[in-house]
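*Asks:* Structure below; questions to follow.
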Amino acid sequence: MIQEKKQSSIAFVIGASSVGTLIEWYDFYIFGMLATIISKQFFPADAGTAALLSTLAIFAAGFIVRPFGALVFGRLGDLIGRKHTFLLTLVIMGGSTFAIGLVPGYATIGWAAPILVLILRLLQGLALGGEYGGAATYVAEHAPKGQRGFWTSWIQTTATLGLFLALGVIILIRSSQGVEKFSAEWGGWRYPFWISLLLVGVSILIRMRMSESPMFSKLKTEGKTSVNPLKESFGQKGNFKMVLLALFGAVMGQGVVWYTGQFYAQSFIETVCKVEFIQSRNLMLWAILMATPCFVLFGWLSDKVGRKWIMLIGMLAAVLTYRPIYKQFLSLTSAKNRIEKIDLAKITASEPKVVTDAKETTKIYVTQIFDTAYTDGAHFKYIKTDTLLLTAAYDANLKMDALNPSLVVSKSVKPNVVIEKTMDDATYWNLIWLVFIQIVYVTMVYGPIAAFLVEMFPTKIRYTSMSLPYHIGNGVFGGLVPFLGTLIVEFTKSPESPMGDALAGLWYPIGVASVCLIIGVFYLSNKIDKNVMD
């Protein structure tokens, strides 16, 4: 009976902690999932790649400030307790996410739009910096001896499930509204931000029922809580050495593997391979759904064989296979490799559509859609837009041949071509399999990491000590993967090679994971600390 009550208690702890953490991850990730639309809404229409890079930079800014959130809220967690601290982070995260959905676009308030979004994104990062350490510490301090890896692995699923929830909500809303309505300034892309308020409200009600961590309560009763958690965490040589070892021997590599396998994979499939919006997100959903149980599997296994080698094998697999996997992405979605499958009977080209620029009436856009069908069911759409500059204003309602001959027309040097690829079933499932493999690597490095970090630090400064290396490794090294990967590819572009080296961006996560792997092999211990009451 006592054992049953204990299991019921830990189940509630896991559930209450996980729901809140999942929602915070959902809040944090919907921004990244909608990066291409946000770049068009909050930056000038003609900014092109610069707008996407700027949006990814704002996305990355939320990661960069996470270590500061870890310091602020980690200190609070070690001073006043775990429960109240991650209640506060939940409120800040939910409020700033909801507010992003209220910011008008660039067309309405100009540069104030991206500035406001950046500020709110920084608040999100600060909140998340305090959330994870609190939730992981709270669960670990409730977990029975010998089962810490298993129970904390449930918290580890929340990051991926938050991503899953974000993808699912976005797909559902976009499917019900259609592309144009969803992408409008006040369209459906804002709804996922607004929904956050409801989710956070439910989570707060659940977390209000939670009691404080028994280990922290015991310390508080005995008067042994830390007076200055920051000084004890980073001012004492022995503990600071463990902070550095945790960062460079485990979390740094874990961070880049996590964000490559999920965020960079999705960005690469959509922006480089040009797979259509809904299909690219659906394949991510399938891969995440199939791989998520592996978090618990590797967490459980880490209780049996130790944390170190599971995490390092995951990093090694990523280092060795990333380039072959992404090369296969390119091969499977390349039009050049599908020439023999073109269905000539279904090739179509639309009539040119002429639109005048709303602000510059001497600029008109001529858009034409070319559809290429394939015998296996794949369908590639090419939307070509030419820009024409006139010496005087032009009425777009007139036909092209009605242009006044006295007007001088100059065509844009480089037409803009937007490509959307809908893949056949066989290719679609091959893409899912390739993403699934990467997420399995994620589960190997991420499943045991919470238990690993908890066991490295004493109870009275655990929240602060484990939060900082975790959020530097994930927030800085990991969070920069999409931005730096895209930027590195941009640097490889030249007049001779306008597309650049699409695989060049992978050198960043491969390099970071390699360094972490070497340090981890020689300096990490595989010993499981069964007593975390010290």
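Values in this text are rule-based calculations from the coordinates and carry no lab data. In this text the structure is predicted, and so the values were computed from the model without any measurement. Glycine also receives a Cβ, built like all others from the backbone with ideal geometry; neighbour counts cover every protein chain displayed.
*Asks:* Using the Karplus equation 6.51 cos²θ - 1.76 cosθ + 1.60 (θ = phi - 60°), what ³J(HN,Hα) coupling, rounded to whole Hz, does each residue of segment 172-179 give in order, writing x for Gly and Pro?
*Replies:* So the J values, rounded to whole Hz, are 4, 5, 5, 5, 7, 9, x, 4.
*Asks:* Apply the Karplus curve 6.51 cos²θ - 1.76 cosθ + 1.60, θ = phi - 60°, to the phi angles in segment 99-113 and return the couplings in whole Hz, x for Gly and Pro.
*Replies:* Whole-Hz 3J(HN,Hα) from phi for segment 99-113: 5, 4, x, 9, 6, x, x, 4, 5, 9, 10, x, 5, 5, 4.
*Asks:* Give the Rg/Rh ratio for segment 420-534, taking Rg as the radius of gyration of the Cα atoms and Rh as the Kirkwood radius, to two decimals.
*Replies:* 1.10
*Asks:* Less than 11 Å Cβ to Cβ from Asp376, Lys/Arg counted +1 and Asp/Glu -1: what total charge do the surrounding residues give?
*Replies:* After counting each charged neighbour, the total is -2.
*Asks:* Near the amide H of Thr492, under 5 Å away, which other amide H atoms are found, from residues 5 or more places off or on another chain, if H is placed in the peptide plane?
*Replies:* Asp501
*Asks:* Right, here's the next one. How would Asp425, Asp371 line up from fewest to most surrounding beta-carbon atoms within 10 angstrom? Could you put the intermediate results ahead of the total?
*Replies:* Values: Asp425 10, Asp371 13.
With the fewest neighbours first, Asp425, Asp371 line up as Asp425, Asp371.
*Asks:* Could you give each residue of segment 494-507 its phi-based ³J(HN,Hα) in whole Hz, using Karplus coefficients 6.51, -1.76, 1.60 with θ = phi - 60°, and x for Gly or Pro?
*Replies:* Coupling constants for segment 494-507: 8, x, 6, 9, x, 8, x, 9, 4, 8, 4, x, 6, 5 Hz.
*Asks:* In nm, to one decimal, how far is the Lys181 label point from the Leu102 one, both placed 7 Å along Cα→Cβ?
*Replies:* Result for the modelled spin labels: 2.5 nm.
*Asks:* How do the peptides 189-201, 322-334 rank, highest first, by the average count of neighbouring beta carbon atoms within 10 Å per residue?
*Replies:* Working: 189-201: 19.7, 322-334: 16.9.
By packing density, highest mean first, the sequence is 189-201, 322-334.
*Asks:* For the residue pair Lys341 and Thr385, what label-to-label distance in nm results when each label sits 7 Å from Cα along the Cα-to-beta-carbon direction?
*Replies:* The two pseudo-label positions are separated by 2.9 nm.
*Asks:* Can you give the local net charge around Ala113? Use residues other than it whose beta-carbon is closer than 15 angstrom to its beta-carbon, Lys and Arg +1, Asp and Glu -1.
*Replies:* +2
*Asks:* What ranking do Thr85, Thr356 get, fewest neighbouring Cβ atoms within 10 angstrom at the top?
*Replies:* On the way: Thr85 25, Thr356 18.
Ascending number of Cβ neighbours within 10 Å: Thr356, Thr85.
*Asks:* Still on this structure: Starting with the fewest neighbours, write out Asp424, Asp303, Asp376 ranked by other beta-carbon atoms found within 10 Å of each beta-carbon.
*Replies:* On the way: Asp424 17, Asp303 22, Asp376 13.
With the sparsest Cβ surroundings first, the list reads Asp376, Asp424, Asp303.
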